[in-house]
Amino acid sequence: MSYLDNIFFAIILILGVGYFTVNVKKILRNIKLGREVNRYDNKSERWKNMAMIALGQSKMVKRPISGFLHIIVYVGFVIINIEVLEIIIDGLFGTHRVFAFMGAFYDVLIGSFEILAALVLVAVIVFLIRRNVIKIKRFIHSDLKGWPKSDANYILYFEIVLMSLFLLMNAADYHLQNVSGGFMDFHPAGSFPISQYIATLFDGVANGTVYIIERAAWWLHITGILIFLNYLYFSKHLHILLAFPNTYFADLNSKGQFDNLESVTNEVKLMMDPNADPFAAAPAGADAVPAKFGANDVQDLNWVQLLNAYTCTECGRCTSSCPANITGKKLSPRKIMMDTRDRLVEVGNNIDANKGVFVPDNKTLLNDYITPEELWACTSCNACVEECPVNISPLSIIMDMRRYLVMEQSAAPMSLNAMMTNVENNGAPWQYSQQDRLNWKNEN
Ligand code: SF4
Ligand code: SF4
């Protein structure tokens, strides 16, 4: 590599990492638009969840075929990219296979990278077949039309290209390492259990041509990785990074436990306490009465719910287990998460376009993205939460939006309104007076 190459490499690296950093800052800024919620307790449990669910992929394997294939792609992709460190050092300092000094260990590393790359290729091809040929139901659902469908395929194509370039680069390198009398600085280093067979394609090809192929594959491989890194911002593939904080900050309470609005709880406690002073200041630490009950836009959700939206992998496991969706209702928990992310991105773009201030755009998450019909179709069964491989809770967003409909707009469905009136008047959901409660024992 010449000095010019090193400088060019440094520029590409700075641009690639720099643009990614700018976008990461936007994501963090958007997530911080959410309300505060305390998820900093019980750190050991949180680390354990992250290790088991994000790192260990424990929930993925509940569906063994896709889970196993996903683990191959995940492990392969992460481990193979250890080699990126070597590529970066080589690119910046003009060395070639700088870690080759590790000898036998280096051979094992490169050999295992190659085997993983081949397995990733197989897994990715199976994924493409499942999506586009077998057309598994959750991948052809109506909420995946357009960009989400293309995005899922682009990710798989990207991985095929990157793995192929990696193997091609190694094959050309292997060929040049074995040129009798040596070729430039291509000295024997690494073992190539897969690419040594690809290298047979270069038999009879001029060394200069093989060198150009090796360099082209090397440059395209690292440039492709930087492009892919920046593609994450626009893609559901962001989950490869956000699955970790998302599982760490997930709700640790049992699934059936709903959080109460603290301001409402305090109000009720006050009403039930005969000695309470209704004019006393709110107790320290208690919420002041919020400007709005529930949520009709993303700024009303808490920051973990917004992190959830960015983390959603759009796998559809939630929707395929949702009883409302299965029975033909309009609700899809995956769509709830996708809509929340789309609206959040829209709000973020609005802030960017208006010098850091959100200018009302006459749109809200409620109605413009998610309709009351979808929200009221939910049975609050928690199947979506149970199924989600990265501990997302579509239900918590649904509940907050329902709270808005009920408490701010009195827009509950008729049947619910009747039930709530009965609770208010009769202390029970039924339309009987309290005096008649024990009538059943007088029958016959
Ligand atoms: S909690 Fe609601 S959205 Fe989730 S699976 Fe059950 S019905 Fe569907
Ligand atoms: S919420 Fe979870 S289960 Fe549903 S699509 Fe997103 S990642 Fe998959």
Discussion item. If a residue counts only when it is more than 14 Å from ligand 2 (Cβ to nearest atom), which helices (runs of 4 or more DSSP H) contained entirely in the range 300-362 have at least 1 such residues?
Written reply: 303-311, 323-326, 333-353
Worksheet, complete the sentence: Of the residues in the range 328-350, those that are surrounded by fewer than 20 Cβ atoms within 10 Å (Cβ to Cβ) and either over 23 Å from the mean Cα position of the chain (by Cα) or free of Cβ contacts under 8 Å to residues at least 60 places away in the same chain (or both) come to Gly328, Lys329, Lys330, Asp342, Glu346, Asn349, Asn350
Worksheet item: If you go through the range 192-200 one residue at a time, do you hit one that is closer than 27 Å to Asn6 by Cα and within 26 Å of the chain's Cα centre (by Cα)?
Response: no
Discussion item. Go through the range 294-334 and report how many residues are within 12 Å of ligand 1 (Cβ to nearest atom) and in contact with a strand residue (DSSP E or B) (Cβ under 8 Å, 6 or more places away or on another chain).
Written reply: 0
Worksheet, complete the sentence: If we ask which residues in the range 398-444 are among the polar types (S, T, N, Q) and either surrounded by 12 or more Cβ atoms within 10 Å (Cβ to Cβ) or assigned to a loop (DSSP other than H, G, I, E, B) (or both), their number turns out to be 9
Worksheet item: Do we find that Glu36 is among the charged types (D, E, K, R), modelled with pLDDT under 90 and over 20 Å from the mean Cα position of the chain (by Cα) in this structure?
Response: no
Item to complete: Can you tell me which residue among Phe127, Phe93 is of a type in the set (Phe, Trp, Tyr) and out of contact with any Leu (no Cβ under 6 Å at 6 or more places or on another chain)?
Response: Phe93
Discussion item. Yes or no: the range 172-195 includes at least one residue that is under 29 Å from Leu15 (Cβ atoms) and at pLDDT 90 or above.
Written reply: yes
Item to complete: Could you tell me which of the residues Gly103, Gly146 is of a type in the set (Gly, Ala, Ser), outside the structural domain of Pro323 (by TED's automatic domain parsing), exposed (fewer than 15 other Cβ atoms within 10 Å of the Cβ) and over 20 Å from the mean Cα position of the chain (by Cα)?
Response: Gly103
Worksheet item: Hey, among Ile392, Ile370, which residue is within 30 Å of Ala54 (Cβ to Cβ), in contact with an Asp or Glu (Cβ under 8 Å, 6 or more places away or on another chain) and modelled with pLDDT of 95 or more?
Response: Ile370
Worksheet, complete the sentence: Exception for Thr265 within (1) at pLDDT below 95; (2) in contact with a Ser or Thr (Cβ under 7 Å, 6 or more places away or on another chain); (3) of a type in the set (Val, Ile, Thr) falls at (2)
Item to complete: Take the residues in the range 246-264 that are in a helix (DSSP H, G or I) and either of a type in the set (Asp, Glu) or surrounded by 17 or more Cβ atoms within 10 Å (Cβ to Cβ) (or both), then tell me which one is nearest to the chain's Cα centre (by Cα).
Response: Asn246
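Run down Asp342, Asp361 and say which single residue is within 20 Å of His141 (Cβ to Cβ) and either away from ligand 1 (no atom under 16 Å from the Cβ) or touching a strand residue (DSSP E or B) at 6+ places or on another chain (Cβ under 7 Å) (or both).
Sole residue among the options that is within 20 Å of His141 (Cβ to Cβ) and either away from ligand 1 (no atom under 16 Å from the Cβ) or touching a strand residue (DSSP E or B) at 6+ places or on another chain (Cβ under 7 Å) (or both): Asp342.
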Worksheet item: Is there a residue in the range 62-77 that is exposed (fewer than 15 other Cβ atoms within 10 Å of the Cβ) and part of a loop (DSSP other than H, G, I, E, B)?
Response: no
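If a residue has to be part of a helix (DSSP H, G or I) and near ligand 1 (Cβ under 6 Å from one of its atoms) to count, how many in the range 377-397 make the cut? Please lay out each step first, then the result.
Pass one, the range 377-397, residues part of a helix (DSSP H, G or I): 383-387, 394-397.
Next cut, near ligand 1 (Cβ under 6 Å from one of its atoms) only: 383-384, 394-395.
Adding up the residues that qualify gives 4.
The values are calculated or read from the model by the stated rules, or taken from the named source; none is laboratory data. Keep in mind it's a predicted model, so treat the numbers as computed, not measured. Note: ideal-geometry Cβ built from the backbone for every residue, glycine included; neighbour counts use all protein chains shown.
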